[in-house]
Amino acid sequence: MTRLWHAISPDECVAALGADTANGLSSDEVVRRLAADGPNQLRGKPPKRFIERFLSQLREPLIYILLGSGVLALLLHEWVDASVIFLVVLINAVVGAVQEARAHSAIAALARQVSALAGVLRGGERLRIESSGLVAGDIVLLEAGDRVPADLRLLKVRDLVVDEAMLTGESLPVAKAAIAVAEDAALVERHCMAYAGTLVLQGTATGLVVATAGRTELGRIAALIDAAPLIATPLTRRLAVFSNVMLWIILALAALTFAVGLLRGESVQDMLMAAVALAVGAIPEGLPAALTITLAIGVGRMARRAAVIRRLPAVETLGSVTVICSDKTGTLTQNRMTVTELLVGGFGYTLHGAGGAEEGEIRPSGAAPTENRALHPLLLAGVLCNDAQMRREDGQLVFSGDPTEWALLLAALRGGLDVDALRARHERLDELPFDARYQYMATLNTGPEGVRLWVKGALERVLAHCRLALDAHGVPVPLDSVAIHAAADEMASRGMRVLAFAYRPGGAAPLMRNSLGDDWVFLGLQGMVDPPRGEAEQAVARCKAAGIRVVMITGDHAATAAGIAGAIGIGAKTPRVMTGRELAALDADALRAVAGEVSVFARVEPEQKLRLVEALQARGDVVAMTGDGVNDAPALRQADIGVAMGRGGTDVAKESSDMVLTDDNFASIEAAVEEGRGVYDNLLKFIVWTLPTNFAEGVIILVAVLAGVTLPITPLQILWINMSTVLLLGLALAFEPIESDVMARPPRPPGEPILTRAMTGRITLAGTLLVIGAFWLFERELAAGRSVEYARTAAVNVFVFGEMAYLLNCRSLHRAWWRVGVFSNPWIWAGIAAMAALQFAFTHSAPMQSAFGSVAIDAASWAEVVLTALVMSAIVGIEKAIGRYVAKRRTTSKGS
Ligand code: ATP
C-alpha cells in the first residue's frame, strides 16, 4: 500500500518507517531492508532487441540499392550473384547490429561509471554513499546540486528549490517546505516531497526516504526514459546526407550504363547485370560500421584517460577546441589545502606540521608576540563555521567534506584545540551554507560566551560587515582595513588562498543573508597553500603548442589566481588578471575584446562564466569550459564542450556536461583533446582509404560499357573485394595510434568540410590508379591470349593488392607511413597477411574458383600484380610528399 506521505506530518512518517532522525538507520537494519526491498536502482528500458537493430541496419538508402540489385539478379536467374548480394547485405547488417549494440552498451556502461552519490545519516554519522544503497527509512541530506536519489518526505528545509521538469514537465523551479499538504494534492503541489530524479537548485534539506527504485514516482514512468545514447556525430550526420546524394548519382550512372549498353546492341540481361555491378561497386557498404567502431574505440580510449564522454558529438568537437576555460581549485591545483600562515591581532604567525599529522606548532613571525589572545577565537571560528567531518581510523585522521574546511580543522588541531569537544560545547542553532555567489558561510552557535554568529569567507565580503577587529589582547579595536588588505594581498600573491574570519555576539535563528548586520568583529586571516598539480604545467604547454589557449576562471582572489597561473604558465609570466567586478562593468563588445586577451579571471561569480563563454564564442572560438556547481550549469550547457568534475562536481553539473572527468584533472582535458583529434584522424583515414575503391569500381564498369569492352570484374567479384577488404584491411585503421604530431597542429576549423580539397584529390588519384592498373593488366592478359577469367582474376588481384599497399599510405594523412612507426599498429600487418592468404585462396582454391569464377594465375602474373600495387602506392607516396613540401613552403613564406 502506498501511503499518502505528503498528507501526514514528518513525525508520523518517521514513526511509520521506523526511522531515527538523530542517528539514521543502523547498519544491520540497512542490510535487512536492502535484502527485502532490493537496491535503489531503476531498471532502464530493456536494450533494443537484436532483430530491431538488424532491421534498422537495412533501413539505409544505399542498402536499398543493394537489395534492389539482388532482386534484379534473382529475376534474371543469376542465382549465385543474387545469393552473394543478399549474403553481403546480411553480413553487413549483422556486423553493423553487433557493433552498434557493443558501442551502445560500452557508452552506457561509461555513463553508469559516473554514479551519483547521496549524503545520508547512518549510525550517527554523515556519510556519502552510492544512491543505489539507499533504503526506505534512511535520512538523506540534500544540498544544492544534488539529484534527489529517492522519493523523500522532507523533514527540515532551508531555502530548498527543486527543478522537477523531468517528472512533471513543469519548467519553473519549485520551492519546498516541510508542512503536510492536502491528501488529494497533485504531484506538483506536494511541496513537502522531493521526488527521485529531480534536481536541487538551491538550499539544503533533510528528508526521509519513503520510496526507492521502481516504487518512486520516477520508477513508475521509467519505461518512458531511454538512457541509450545516440551513435551520431556531426560527421556521421553529414555522411548520411552524403549517402543520400550518392544514392541518386549511383542510380543515374547505373541507368546510363544500361541505356548506353542497349543502344550499343548488348543484351538486356548483360546490361542489367552491368548496372548491378556498378551499383554494388560504388556503394561503400562498410562505411557506417567502420565509423561506429572507430568512435567506440575512441570513446573507450578517452575513458581510460579519465575523460568519460556523455554526448558523442563531443568526441569530434574536442578536435576543434580553441580555448579551454578551467577552474583553478582541484583542476589545476591538487585541492590539498594546508593552512600555513595566520594573521591575527595585526601580527603574522606561521603554522607548522608534518604531512597530515595533527601535531603542530604556531610560530610568531617578525615582531609578533608569543601570547596572542585572538589566536584561539580565530581557530575556533574555523572549527564552528565548518561542515567538514573528522574521524580517527587506526590513529590516522580521516576527513570528509570540503578540503578548504579540512584544512581549517587541521589548523585548529595543530594550534592545540580539541575540535570534537569544542563542537560538542557549541551547539549549532542555524547556518547559512557556503555559496559561491556570496563567498562566505555563517553559523549561529551557542557556547560559554553566549550565542554568537561565526563567519568565514572571502576577505572583501567579510570585511564589508566589520567595524572592529580583535587585537592581540583579545579586545575589539577599530579596524585597519588598509593594513589587512595589504597583508592579504601579500599572502595571495604567493599563490595562497586566504580566508577571513569574523564573529558577532548575539543573534537568533533563522539566519537571513540580508539581515546579518554590519557590526561584525574581524578575527583574522588563515592563509592556505594548495600546490599546483604536477602535470598541469606540462598540459598547459601542450595546449599552447596545439594552438589552444588556456584561460583560468576562478572564484578565488585575483592575486592567488595570478600566483597559480604564473606558476603553471597560463597567460604571460605575470599574467593580466581581470576580476568579476570589472567584467560586470563591460558591455558585450568590450567583453569580446577582453575575452580574447585576458587569460586569468578572478572572483568570478558562476553566472559570469556564461557571459564569458558567449563572448568567446562570438569571437569564433570553440570553447571547453569546466564547472562543478549548480550555478555552472548554464555555462556548461552553452560551452561547446561542457566539462564536469566527476569527483567534486554536483549531479546538476554532470548532467549539463558533455564530458565528465573522473579525476577532476586539467591534464585529462588535454588528453581528451588529443584523443578527439586522433579519432577524427582515424575516421578520415578510413574514408580516404575506402572511397577510391568504390570510385574505381564504378568507373571501371562505366568505362567498360561505354567503350564496349568486356567487364574486367564481375559484380560478384566486386562484392568480394568490398566485403573482404573492409573487414580485414579497413577496420585496422580504427586501431591506428594517435600520431605524435596531433598536438602540434592547430585546431581543426569547425566548419571545415569532411573532405578537404587535398583529400578529394588523393581519393581521385588513388581511384584513378586502381582503374588504370586493373584495366592495364586485364587487357594485357587478354592480349597475351589468356582467358577472360584469367584476366579478371588478375584485375581483382590488382584491386585487392592495390588497396593493401594504399592502406599503408592511409596510416597517416600527411606523413610517410613508416614515420608513424612501422609496427605501431600490428592490426595492419595482421590484416595484410590475412588478406594476402585469402586472395591466394581466391585465386588457387577450387571451391572459391567455382564460386567467384576465378582461375589460377602464374608467377609472372602475380609479380605483375604486386608490382602494380607497389607502383600505385609509390605514386600516392610522392603525392603526399609534394603536399608536405607545399605546406612547408606556405608556412615558411607566411612566417617570413
Ligand atoms: P574555482 O574552483 O572556481 O577555481 P575556488 O574554488 O577557488 O575557485 P570558490 O569555491 O568559488 O572558488 O571560492 C571563492 C572564495 O570563497 C574563496 O576564495 C574563499 O575566499 C571563499 N571560500 C571558499 N570556500 C569556502 C568555504 N567553504 N567557506 C567559506 N568561504 C569559502
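The values are calculated or read from the model by the stated rules, or taken from the named source; none is laboratory data. Please read these numbers as outputs of a predicted model, since none were measured by experiment. As a convention, Cβ positions derive from the backbone with ideal geometry for all residues, glycine included, and neighbour counts pool all protein chains shown.
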(message) Out of the residues in region 446-484 meeting the condition of being assigned to a helix (DSSP H, G or I) and under 23 Å from Arg513 (Cα atoms), tell me which one is farthest from the ligand (Cβ to nearest atom).
(response) Ser481
(request) Run down Ala795, Ala830 and say which single residue is in a helix (DSSP H, G or I), under 37 Å from the mean Cα position of the chain (by Cα) and among the hydrophobic types (A, V, I, L, M, F, W, C). (result) Ala830
(request) List every residue pair whose Cβ atoms sit under 6 Å apart, with the two residues 6 or more apart in sequence or on different chains, where the first one lies in region 554-580 and is assigned by TED's automatic domain parsing to the domain that holds Phe601 and of a type in the set (Ser, Thr, Tyr) and the second, anywhere, is assigned to a helix (DSSP H, G or I) and within 12 Å of the ligand (Cβ to nearest atom). (result) Thr554/Ala561; Thr560/Ala492; Thr579/Ala558
(message) I'd like to know if region 532-540 contains one or more residues that are touching a Cys at 6+ places or on another chain (Cβ under 9 Å) and either at pLDDT 90 or above or more than 16 Å from the ligand (Cβ to nearest atom) (or both).
(response) no
(message) Checking the condition modelled with pLDDT of 90 or more and more than 35 Å from the chain's Cα centre (by Cα), which residue from Ala696, Ala732 passes?
(response) Ala696
(message) Looking only at region 614-667, how many residues end up being within 15 Å of the ligand (Cβ to nearest atom), of a type in the set (A, V, I, L, M), over 12 Å from Ser326 (Cβ atoms) and not in a helix (DSSP H, G or I)?
(response) 1
(request) With respect to Thr760, determine if the residue is free of Cβ contacts under 8 Å to residues at least 60 places away in the same chain and either in contact with a Gly (Cβ under 9 Å, 6 or more places away or on another chain) or not in a loop (DSSP other than H, G, I, E, B) (or both). (result) yes
(request) Restrict the check to region 551-574 and report whether at least one residue is more than 16 Å from the ligand (Cβ to nearest atom) and either closer than 21 Å to Val455 by Cβ or touching a strand residue (DSSP E or B) at 6+ places or on another chain (Cβ under 7 Å) (or both). (result) no
(request) Could you pull out the residue among Asp621, Asp681, Asp640 that is within 12 Å of the chain's Cα centre (by Cα), surrounded by fewer than 24 Cβ atoms within 10 Å (Cβ to Cβ) and touching a residue at least 60 places away in the same chain (Cβ under 8 Å)? (result) Asp640
(message) Among the residues in region 606-613, are any surrounded by fewer than 22 Cβ atoms within 10 Å (Cβ to Cβ), under 22 Å from Pro313 (Cβ atoms), under 20 Å from the mean Cα position of the chain (by Cα) and away from the ligand (no atom under 16 Å from the Cβ)?
(response) no
(message) I'd like to check which strands (runs of 3 or more DSSP E) are fully inside region 335-438 and have at least 2 residues that are out of contact with any Gly (no Cβ under 9 Å at 6 or more places or on another chain) and within 16 Å of the ligand (Cβ to nearest atom).
(response) 428-432
(message) Conditions first: (1) within 29 Å of Glu675 (Cβ to Cβ); (2) away from the ligand (no atom under 12 Å from the Cβ); (3) in contact (Cβ under 8 Å) with a residue 60 or more places away in the chain. Val529 passes all but one, so which condition is the exception?
(response) (1)
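Conditions (1) closer than 27 Å to Asp435 by Cβ; (2) modelled with pLDDT under 90; (3) surrounded by fewer than 22 Cβ atoms within 10 Å (Cβ to Cβ), marked per residue:
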position: Ile548; (1), (2), (3): no, no, no
position: Ala565; (1), (2), (3): yes, no, no
position: Gly569; (1), (2), (3): no, no, yes
position: Pro575; (1), (2), (3): no, yes, yes
position: Leu586; (1), (2), (3): yes, no, yes
(request) Determine if region 22-33 includes at least one residue that is within 30 Å of Val181 (Cβ to Cβ), in contact with a helix residue (DSSP H, G or I) (Cβ under 8 Å, 6 or more places away or on another chain) and crowded, with 17+ Cβ neighbours inside 10 Å. (result) yes
(message) Quick check on my filter: what residues within region 315-334 are within 16 Å of the ligand (Cβ to nearest atom) and either in a loop (DSSP other than H, G, I, E, B) or surrounded by fewer than 21 Cβ atoms within 10 Å (Cβ to Cβ) (or both)?
(response) Asp327, Lys328, Thr329, Gly330, Thr331, Leu332, Gln334
(message) When you scan region 58-73, do you find a residue that is among the aliphatic types (A, V, I, L, M), at pLDDT 85 or above and out of contact with any Phe, Trp or Tyr (no Cβ under 9 Å at 6 or more places or on another chain), even just one?
(response) yes
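To keep it simple, each residue is scored yes or no on (1) surrounded by 14 or more Cβ atoms within 10 Å (Cβ to Cβ); (2) at pLDDT 95 or above.
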| position | (1), (2) |
| --- | --- |
| Gln839 | yes, yes |
| Thr843 | yes, yes |
| Pro847 | no, no |
| Ala851 | yes, no |
| Ile857 | yes, yes |
| Ala863 | no, yes |
| Thr868 | yes, yes |
| Ile882 | no, no |
(request) Return the only residue of Gly773, Gly751 being crowded, with 22+ Cβ neighbours inside 10 Å and either over 41 Å from the mean Cα position of the chain (by Cα) or assigned to a loop (DSSP other than H, G, I, E, B) (or both). (result) Gly773
(message) So for region 810-833 (the condition being surrounded by 23 or more Cβ atoms within 10 Å (Cβ to Cβ), assigned by TED's automatic domain parsing to the domain that holds Asn682 and either of a type in the set (Gly, Ala, Ser) or touching a Ser or Thr at 6+ places or on another chain (Cβ under 8 Å) (or both)), does at least one residue qualify?
(response) no
(message) Quick check on region 668-689. Is at least one of its residues within 15 Å of the ligand (Cβ to nearest atom), under 29 Å from His557 (Cβ atoms) and of a type outside the set (A, V, I, L, M, F, W, C)?
(response) no
(request) Go through region 1-21 and count every residue that is surrounded by 13 or more Cβ atoms within 10 Å (Cβ to Cβ) and free of Cβ contacts under 8 Å to residues at least 40 places away in the same chain. (result) 2
